[in-house]
Each structure stands twice: as structure tokens, then as C-alpha cells.
Amino acid sequence: MTEIWQGLIRAVHMLISFDAEVVEISLRTLSIAGTSSLLAALISLPIGTLIHFRQFRGKRALINIIQTLYFLPTVIVGLFVFVLFSRAGPLGELGILFTPQVMIVGQMVLITPIMLGMTISALSGVRKELLETATSLGASGFQLGLLVLREARYAVLAALILGFGRALSELGVAMMVGGNIDGYTRMMTGAIWLATQRGDLELAMSLGIILLFLALMISIVLNRLQQRRTQ
Amino acid sequence: MSHQSSAIKITGLTHTYGTREVLKNVNLSIDKGEVFALIGPTGAGKTTLLRIIDLLETPTSGELYFDGRPIPQSGRQRLEIRRRISFIHQKPQFFDSSVYDNVACGLRWRGGKENAISNKVRTILETVGLNGYDNRDARTLSGGEAQRVALARALVLEPEVLLLDEPTANLDPVSVKKIERVIRSIARQRSTTMIMATHDMSQGQQLADRIGVLVEGTLVQTGNAADVFRSPQTEDVAHFVGMENMIDGTIAVNNDGIAAVNIGSGPDITIQAVSRHPAGTRVCACVRPEDITLAPVTHRSSARNSFQGRVTTVASSGPLSRVEADCGFPLVALITRLSAEELGLEEGISVVADFKATAVHIIERSTDQ
């Protein structure tokens, strides 16, 4: 018990003193998860808006599939992306396996369904009458798309933040296609796993505290957004 | 009427929702600058007709012309036309932003300098009596204020055609007056073509140059307000414009335009009416309740129609009293509360009901009825 306690105290010390390794891993994690979230958002917002407005056969089924993919296990995504980018795979020639780039691709595969599906349900919360009013006032199709995103902005933002949270906290993709390479592709979750294996509990705990702190921040922001929606 | 002069022209328009026909073979032409009121009971198809004119819906069949030209198919061209029309929906919806942004959005979508937009928005908010409301949250306004913001939002676009769907429904009388005043002044100053759906006959009468009566999807009568009000062409219209007394009968004789109508309840009861219909025509004799005077039984009448009867109910609201009497047939009269009190009217009292032959409007009944 005293060992854990001492580990915790030293972990806090590492945090306060901006330990180089902790800072480096944290920044890399934020930049990889942030990039994949940004790219996934750039895909999800226009496509989600398009799916929301267009009526086509199989729309209901498509939305069901997207929602099912919310629960995609990270190791399945890891496996899929690994096969895709491994030397013998269809995209093997790119030679980007075990790089941050392929980790971003993997995380995008993981979180795009969440962002897309939740954007679609966020937009369906905007009343049809409101969109008709905008049409009557002379909005073009594109302007209508921007309007519906703006009207549902809190719910849409919540969708994006939830995707970011999933990218931040996943382990499977980062390990399987990133390779957990020190100083290159190692993210917080991977570092915590490795440090725990090695018995370096101080590092594991200090990273754990940062990760929990980030989760707390995300949860607070999400809560705020939920409140704005219901007001 | 040439295409050139009509802002909106509709020919043979039919619209169905599933198997239900909501509009049946509607033909209508509305001149530029004309204020047209579309009246009819709830569910008659007024809103659907306005939605079709605003290109929100495509009619099942029939043609629609805007400014003399048929409506194009391409979305871009339809948008261009829609931008020359404004539609004020019955229940106005507001964007989650300030009053200013709500009013400005249509102008922004059309593209324009924020400076010019700002001037226009402030001017129009003044016109509808809402200056100083710029930063208010549009979703927290009262019903009357909301409807005026909706009006401002449509008018700021300076549309060639303004569509209004029950603009004063569910509003308090003061708000109704304010909105009617704005509509009237816009019609006068800008010569905007207006099509207004209302179930309020008197509003149609006050604001419109011409009235169309829509009943169950059919445009049964169009004409100036006085014509529709005084001379409805069908029983449906008569009923809608407040002809409370509608008595079925057959014309017994017609002497030089004065017809004697034998009414169903007995051969001895005859109503004198001004009519061109020949003897033998099955008709409906319509009399407005306000055209009937009541007098004590001792009174000697000069009116062509004078019936003695017994009061069955007296109901007063405001300055008027609505009196129902049984004169061998039921008759409803609307008289001032004061005269009802002077006559001591109450249930069971005998009175004489008088009305002129010119107060009777004769509608020929269709044979299948």
C-alpha cells in the first residue's frame, strides 16, 4: 500500500515539475487524437448533413449500420488497418505501418461512425418547420445545410467531442498499427500499459492522472453543452 | 386576363396527399399588386395552396405560372423564383438567434453588404413597431411580437408576392389590429401582391380587394368582398359567410323578379324574395341574422316578410343579442342588447320577425340534394 501511495506522490511531483517524458507523450497523444478527430469531423459534418437531407432507399439501414459501428472493438479496427497497410496488404506500398499517420487513419476509422451517427441524430432534432421557414426565406441547399448545423450546434459539438474522447482513450489501434514506439508512436494509453508492465508505477500513474483529468474536462464540456441544448 | 398582368396564375391544379384530394381543379389568377384573401374553414386546403405557390410542394397535376412564366424544374431557377416570394407561416418558427439575426438572415442568404442589411433591418423593425428588439432572443417573444418579427422578416426582403397564412390566428385583439395595420400600409405603399389565407371573413373583407372561398379543396366562389358576402353562390359559401338562416323551399310564383318561396314546413308559409329563378326551382333562402328586426306582436309591419313566432333562446355577448325564434320554422336574429331588453325578450315571449325581400338571398339548390 505504501508503495502505491509513494508512487502517487511522485506521480504528482512529475506532473508539477513538467517531467519531459510526461509532457512529450501527452502532447503527442493530443496531437494524434486531435488530428484524427479533426479529419473525422471534416468527413462527418458534410456527409452527415447530406444523409440527413437526402431521402434514398436504405437510408434507415445505413444509419443502423453506422450506429452499430459505435461499438466497434478497437482491436478489430487495429486488425483491419494492420491488414490494409501491412507490406502484403492493398495499401502496403505506402509503407506507413507503425507511423503516426497510420494511427490517425486507424483512429478515424474508429471514431467517424460515432461522429457521423451522432451528427445525423443531432440534425434530426431540428424541426422540419424551421427548415421550411428557411427555404421560404430563400435559403439555398447549401445555406440550409449550414443553418441546420448551426441550429443543432450544441448537439453536433457533443458528437465531435465524444469522438475525440474515444480517440484519446483507445489502446488497440495505437498498439497494433502504431507499434508503441518510444518517442514516435507511443501514446498515453500505450505508455501506461508499458510502464505498468515494467513496474514504473510513477510514470503510469502520472499519465493516468492526466488522462483522467482530460476525461473530466471532456465530461464537463459535454455536460455544459447538454444544458445549453435543453435550455 | 393576360399573362402579363397576373402575378400568379393557376390552372387546373389538383393536389393529393395519399388518396385524399386536398385541392380539386383550382383555377385562379391574381393580378400584380392585388390583395387576395383566401377564405374557408380549417382544413379546406388554404395552406396547401399557399405552399404550392411558394414552391414548397409540387402539385399532383395542373399548372402554376409566376409572372406569366411556367415554373421551371431546375432547383436553381426555382430558388430564384422563391426569392421573389415571401411566406409567413401560420405558426412562425424562429432560428436560435437574436431578433436582428432572424430578420437579417433572408438578406444575408441573398448576399449583400452588412451595412445595407443593417439599415434595412432597423427600418423594418421600426415599421412593425419593434425598434429596440434587435438583441432579444427571438424564441422568447410573446405571440403578437413573434408574429410581427415574422412579418418583418418577410417584408425586409421586399417580395413581389407576399403569402400570409392566418397571420392573426390565436392573437389578442390589440396584436391583430397592429398586424392588420402593417399589412394595410404595405399593400398601399409598396403595391406588393398579397395572398392571405384566413378563416376570418371580416378580416378578408377589410383587407382584400378580392376574395376566394375555398371549401373542401374546391374554389367555390371568387369575387369582390361585397359580392361574396351578400350573394354567395353555394350553400357552403353562404354558411361560411354568416348566413345563419338558410331555409329550403321551392319557388311558387315569380312576379317580375319578386319570388314567393314556399318553404318546406307547410304550404301556408311563404317568403318573399328578390330572385330571377322561375317557379318550380328548388332553392335555399338565405337571410343574415342582422337583417332581421324583432318587434312586439302589436306592431304593424311594412316589410314583405313578417312572421309571428315564439322566442326559444336569447344569448347575449357584448353589445349584441342573438335571438332564436320558432316561426313555424327556426329563425335567428341578431339585435342590439338594448333593444332586446326593451322588448323584454326571453324564452316563450311572442314576437314578430320582419325582413325585407331584398334581404333574402336565393341560392338554387343542386338537384342531387
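Can you report the number of residues in the stretch A:142-151 which are under 24 Å from the mean Cα position of the chain (by Cα) and facing chain B (nearest Cβ under 9 Å)? Break it down stepwise before answering.
Quick first cut of the stretch A:142-151, residues under 24 Å from the mean Cα position of the chain (by Cα) only: A:145-146, A:148-151.
Subsequent filtering for residues that are facing chain B (nearest Cβ under 9 Å) retains A:150-151.
Residues that pass the stated criteria total 2.
If I ask for residues that are assigned to a helix (DSSP H, G or I) and of a type in the set (Gly, Ala, Ser), which ones from the stretch A:133-149 would you list? Write out each step before concluding.
The first filter runs over the stretch A:133-149 and keeps only residues assigned to a helix (DSSP H, G or I), leaving A:133-136, A:141-149.
Within the stretch A:133-149, A:Ala134, A:Ser136, A:Gly141, A:Gly145 meet the criteria.
Got a sec? Which of B:Asp291, B:Asp248, B:Asp209 is in contact (Cβ under 8 Å) with a residue 12 or more places away in the chain, of a type outside the set (A, V, I, L, M, F, W, C), touching a Cys at 6+ places or on another chain (Cβ under 7 Å) and surrounded by fewer than 19 Cβ atoms within 10 Å (Cβ to Cβ)? Unique residue meeting the criteria: B:Asp248. One residue stands out among those in the stretch B:296-332 that are farther than 13 Å from B:Phe355 by Cα, of a type in the set (Ser, Thr, Tyr) and touching a strand residue (DSSP E or B) at 6+ places or on another chain (Cβ under 7 Å): the one that is surrounded by the fewest Cβ atoms within 10 Å (Cβ to Cβ), which is B:Thr313. Selection over the stretch A:139-168 of residues that are touching a residue at least 60 places away in the same chain (Cβ under 8 Å), closer than 30 Å to A:Val77 by Cα and not aromatic (Phe, Trp, Tyr) gives a count of 12.
If you filter the stretch B:72-83 down to residues that are more than 8 Å from every other protein chain (Cβ to nearest Cβ) and not acidic (Asp, Glu), you find that the one that is nearest to the chain's Cα centre (by Cα) is B:Ile81.
Using the structure shown, decide if B:Arg276 is under 29 Å from the mean Cα position of the chain (by Cα), free of Cβ contacts under 8 Å to residues at least 40 places away in the same chain, under 21 Å from B:Val360 (Cα atoms) and in the same structural domain as B:Thr358 (by TED's automatic domain parsing). Answer is yes for this residue.
One line per residue, one yes/no per condition, for (1) more than 27 Å from the chain's Cα centre (by Cα); (2) under 18 Å from A:Ser136 (Cβ atoms):
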position	(1), (2)
B:Tyr100	yes, no
B:Thr127	no, no
B:Arg136	yes, no
B:Ala150	no, yes
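With respect to the conditions (1) free of Cβ contacts under 8 Å to residues at least 60 places away in the same chain; (2) surrounded by fewer than 21 Cβ atoms within 10 Å (Cβ to Cβ); (3) within 14 Å of another protein chain (Cβ to nearest Cβ), B:Ile52 falls short on a single one, namely (2).
Of B:Thr234, B:Thr298, B:Thr293, B:Thr281, which residue is assigned by TED's automatic domain parsing to the domain that holds B:His15 and of a type in the set (Val, Ile, Thr)? Can you show your working first?
On the way: B:Thr298 fails: assigned by TED's automatic domain parsing to the domain that holds B:His15; B:Thr293 fails: assigned by TED's automatic domain parsing to the domain that holds B:His15; B:Thr281 fails: assigned by TED's automatic domain parsing to the domain that holds B:His15.
Criteria check complete, one pass: B:Thr234.
When you scan the stretch B:3-14, do you find a residue that is within 14 Å of another protein chain (Cβ to nearest Cβ), touching a residue at least 24 places away in the same chain (Cβ under 8 Å) and surrounded by fewer than 20 Cβ atoms within 10 Å (Cβ to Cβ), even just one? Within the stretch B:3-14, not a single residue is within 14 Å of another protein chain (Cβ to nearest Cβ), touching a residue at least 24 places away in the same chain (Cβ under 8 Å) and surrounded by fewer than 20 Cβ atoms within 10 Å (Cβ to Cβ).
Here the condition is being among the hydrophobic types (A, V, I, L, M, F, W, C), crowded, with 16+ Cβ neighbours inside 10 Å and facing chain B (nearest Cβ under 9 Å); of A:Ala139, A:Ala122, it holds for A:Ala139 alone. For B:Tyr65, are the conditions met, namely being surrounded by fewer than 20 Cβ atoms within 10 Å (Cβ to Cβ), more than 12 Å from every other protein chain (Cβ to nearest Cβ) and part of a helix (DSSP H, G or I)? It is false that B:Tyr65 is surrounded by fewer than 20 Cβ atoms within 10 Å (Cβ to Cβ), more than 12 Å from every other protein chain (Cβ to nearest Cβ) and part of a helix (DSSP H, G or I).
Of the helices (runs of 4 or more DSSP H) lying entirely inside the stretch B:84-200, those carrying at least 3 residues that are within 14 Å of another protein chain (Cβ to nearest Cβ) and touching a Pro at 6+ places or on another chain (Cβ under 9 Å) are B:143-155.
Can you say whether A:Val173 is in contact (Cβ under 8 Å) with a residue 40 or more places away in the chain, part of a helix (DSSP H, G or I), within 30 Å of A:Leu97 (Cα to Cα) and out of contact with any strand residue (DSSP E or B) (no Cβ under 6 Å at 6 or more places or on another chain), as far as the supplied structure shows? Yes: the conditions hold for A:Val173. If you go through the stretch A:38-55 one residue at a time, do you hit one that is without any contact (Cβ under 8 Å) to a residue 40 or more places away in the chain and either among the acidic types (Asp, Glu) or touching a Lys or Arg at 6+ places or on another chain (Cβ under 9 Å) (or both)? No. Against the test of being under 22 Å from A:Arg150 (Cβ atoms), β-branched (Val, Ile, Thr) and in the same structural domain as B:Leu214 (by TED's automatic domain parsing), the options B:Val128, B:Val103 yield a single qualifying residue, B:Val103. Against the definition (among the hydrophobic types (A, V, I, L, M, F, W, C) and touching a strand residue (DSSP E or B) at 6+ places or on another chain (Cβ under 8 Å)), how does B:Ile258 come out, yes or no? Answer is yes for this residue.
Condition check: within 14 Å of chain B (Cβ to nearest Cβ), part of a helix (DSSP H, G or I) and over 30 Å from B:Ile85 (Cβ atoms). Does A:Leu157 satisfy that? So that I can check it myself, show each step before the final result.
Working: within 14 Å of chain B (Cβ to nearest Cβ): yes; part of a helix (DSSP H, G or I): yes; over 30 Å from B:Ile85 (Cβ atoms): yes.
So A:Leu157 passes the test.
Quick one: in the stretch A:1-26, of everything that is hydrophobic (A, V, I, L, M, F, W, C) and in contact (Cβ under 8 Å) with a residue 24 or more places away in the chain, which residue is surrounded by the fewest Cβ atoms within 10 Å (Cβ to Cβ)?
Of the residues in the stretch A:1-26, the ones hydrophobic (A, V, I, L, M, F, W, C) are A:1, A:4-5, A:8-9, A:11-12, A:14-16, A:18, A:20, A:22-23, A:25.
This time we only want the ones that are in contact (Cβ under 8 Å) with a residue 24 or more places away in the chain, so: A:4, A:8, A:11-12, A:14-15, A:22, A:25.
Working: A:Ile4: 10, A:Leu8: 16, A:Ala11: 22, A:Val12: 14, A:Met14: 21, A:Leu15: 18, A:Val22: 21, A:Ile25: 25.
Selected residue: A:Ile4.
The values are calculated or read from the model by the stated rules, or taken from the named source; none is laboratory data. These figures come from a predicted structure and were not determined experimentally. Every residue, glycine as well, gets a Cβ built from its backbone with ideal geometry; the counts of neighbours run over all protein chains shown.
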